[in-house]
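Enquirer: Below you will find the structure I want to go over with you.
The values are calculated or read from the model by the stated rules, or taken from the named source; none is laboratory data. These numbers were taken from a predicted model, which means no experiment stands behind them. Glycine gets a Cβ as well: all are built from the backbone with ideal geometry, and neighbour counts include every protein chain shown.
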Amino acid sequence: MSQKITEVFAQAFKTTFPLKSSPLVDCITNAVTIESMANALLYINAKPIMADVPEEFPELFTQIDALLLNLGHISAERKDSLLAAGSYAAETHKPSVVDLVGVSATQLRYDISQQLLQNHPNVIKGNISEVRRFAGLKSTGRGVDGSQLDQSADALSELTAALQSLTQQYPNTTFLATGETDLVVSAKGQWQLKNGVPQLDRFTGTGDIVGALIAALLGLGLTNDEAVVVAVSYFNCCAEVAAAQNPEGGIASFRTKTLNQLSLLADKTDWVEMVKGEAV
Ligand SMILES: Nc1ncnc2c1ncn2[C@@H]1O[C@H](COP(=O)(O)OP(=O)(O)O)[C@@H](O)[C@H]1O
Ligand SMILES: Cc1ncsc1CCOP(=O)(O)O
Ligand SMILES: [Mg+2]
């Protein structure tokens, strides 16, 4: 029988939330969800800064604990900023996360993602359709959203194999593909996470927030695998509690309740008991 995720990462699940210090995370991100992302970091007791001008990087990188690079809104300036920050993080050994928003939609974003990969970021994540395109597989994603067709058991096995072969060339990067089942692949192993509710696909920024939470946990010193597994599980457990407290079913109130749980759930000593997932 496969090992339960809470046994594999027992220490990280037990000690991470609530955060005992406040990692400072620089997020170079998109205009759609920038406010949700900054607030989500504050709700878990991390600190956001959304600095994207390369002139600031030498000063800024002496202060930040982690970097998030989100491809959700590309302009000529933001492309330069993402690439400069990615290289600077590698040079200064700051942990970084790349979020592949929209990589399944356009060649430009795909090309930027491949350039950012050359810096060996700690984590590369996206929804399942974005990660399929990134890994060179056929993807049926639409815009910035993942597609159900990419979530079949066969598609998950195919993606697992493609990511495993990427880890041979990029052994210091952990890959995360999100959806109904979240797939985590690194040189150290492969895991599937099974929390969350379908409503998470119905408001914008859920994947973006997960990327920022992962960066915060890297900034605290968790390993790549620990940061990914604990951040995804925590966010998805917040959503499960929110859904249970939202009998009318409206998505706007579900959103508020999910974000509210980011600051509340960790005070419930038993949240780890809600976590579902295993090694594969
Ligand atoms: N159908 C679903 N069931 C459970 N959890 C989901 C579902 N869809 C998305 N999630 C969760 O919502 C978060 C965002 O995932 P996803 O929607 O794939 O990313 P994005 O917002 O980047 O498209 C992840 O934590 C994921 O596990
Ligand atoms: C950049 C962007 N463009 C339309 S919605 C959106 C935000 C995407 O966020 P997520 O990847 O979390 O769904
Ligand atoms: Mg996304």
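Enquirer: Looking for something over 24 Å from Trp191 (Cα atoms), in contact (Cβ under 8 Å) with a residue 40 or more places away in the chain, touching a His at 6+ places or on another chain (Cβ under 7 Å) and in a loop (DSSP other than H, G, I, E, B) - is there at least one such residue anywhere in the range 7-30?
Expert: Among the residues of the range 7-30, at least one is over 24 Å from Trp191 (Cα atoms), in contact (Cβ under 8 Å) with a residue 40 or more places away in the chain, touching a His at 6+ places or on another chain (Cβ under 7 Å) and in a loop (DSSP other than H, G, I, E, B), which makes the answer yes.
Enquirer: While we're on this one: Select from the range 118-155 the residues that are away from ligand 2 (no atom under 16 Å from the Cβ) and surrounded by 18 or more Cβ atoms within 10 Å (Cβ to Cβ) and list them in ascending order.
Expert: Those that are away from ligand 2 (no atom under 16 Å from the Cβ) and surrounded by 18 or more Cβ atoms within 10 Å (Cβ to Cβ): Asn119, Pro121, Asn122, Ala135, Ala155.
Enquirer: Quickly run through the range 31-58 and pick out the residues that are touching a residue at least 60 places away in the same chain (Cβ under 8 Å), over 17 Å from Leu218 (Cα atoms) and small (Gly, Ala, Ser).
Expert: Selection gives Ser36 alone.
Enquirer: Name, by its number, the condition in (1) within 16 Å of His120 (Cβ to Cβ); (2) touching a strand residue (DSSP E or B) at 6+ places or on another chain (Cβ under 7 Å); (3) away from ligand 3 (no atom under 16 Å from the Cβ); (4) in a helix (DSSP H, G or I) that does not hold for Leu83.
Expert: Result: Leu83 fails condition (2) only.
Enquirer: Looking at the range 88-116, which of the residues that are assigned to a loop (DSSP other than H, G, I, E, B) and more than 16 Å from ligand 1 (Cβ to nearest atom) is nearest to the chain's Cα centre (by Cα)?
Expert: Here the answer is Pro95.
Enquirer: It is to be established whether one or more residues within the range 121-144 are more than 16 Å from ligand 3 (Cβ to nearest atom), at pLDDT 95 or above and within 19 Å of Cys27 (Cα to Cα).
Expert: Yes, the range 121-144 has at least one match.
Enquirer: Let me ask another. When the residues of the range 32-60 are narrowed to those that are assigned to a loop (DSSP other than H, G, I, E, B), of a type in the set (A, V, I, L, M, F, W, C) and within 16 Å of ligand 1 (Cβ to nearest atom), which ends up nearest to the chain's Cα centre (by Cα)?
Expert: Per the stated criteria, the residue is Ile44.
Enquirer: So Arg202 ticks every box in (1) within 14 Å of ligand 2 (Cβ to nearest atom); (2) under 15 Å from the mean Cα position of the chain (by Cα); (3) surrounded by fewer than 16 Cβ atoms within 10 Å (Cβ to Cβ) but one. Which box is left unticked?
Expert: Just one mismatch for Arg202, condition (2).
Enquirer: Within the range 242-256, can you find the residues that are surrounded by fewer than 19 Cβ atoms within 10 Å (Cβ to Cβ) and part of a helix (DSSP H, G or I)?
Expert: Ala243, Ala244, Ile251, Ala252, Ser253, Thr256 - these are the residues of the range 242-256 that are surrounded by fewer than 19 Cβ atoms within 10 Å (Cβ to Cβ) and part of a helix (DSSP H, G or I).
Enquirer: Hey, another quick one. Condition test on Asn236, is it surrounded by 18 or more Cβ atoms within 10 Å (Cβ to Cβ), in contact with a strand residue (DSSP E or B) (Cβ under 9 Å, 6 or more places away or on another chain) and assigned to a loop (DSSP other than H, G, I, E, B)?
Expert: Here the answer is no, as Asn236 does not meet what is asked.
Enquirer: Keeping to the range 257-275, report how many residues are part of a helix (DSSP H, G or I), closer than 25 Å to Val8 by Cβ and of a type in the set (A, V, I, L, M, F, W, C).
Expert: If we filter the range 257-275 for residues that are part of a helix (DSSP H, G or I), which is where we start, we get 257-267, 271-274.
Filter once more, so that each one left must be closer than 25 Å to Val8 by Cβ: 261-262, 265-267, 271-274.
Those left that are additionally of a type in the set (A, V, I, L, M, F, W, C): 262, 265-266, 271-272, 274.
The total comes to 6.
Enquirer: Of Gln168, Gln151, which residue is over 17 Å from the mean Cα position of the chain (by Cα), on the phi < 0 side of the Ramachandran plot and more than 10 Å from ligand 1 (Cβ to nearest atom)?
Expert: Within the list Gln168, Gln151, the selection yields Gln168.
Enquirer: Quick check on my filter: what residues within the range 173-192 are in contact with a Lys or Arg (Cβ under 7 Å, 6 or more places away or on another chain) and away from ligand 3 (no atom under 15 Å from the Cβ)?
Expert: Thr181
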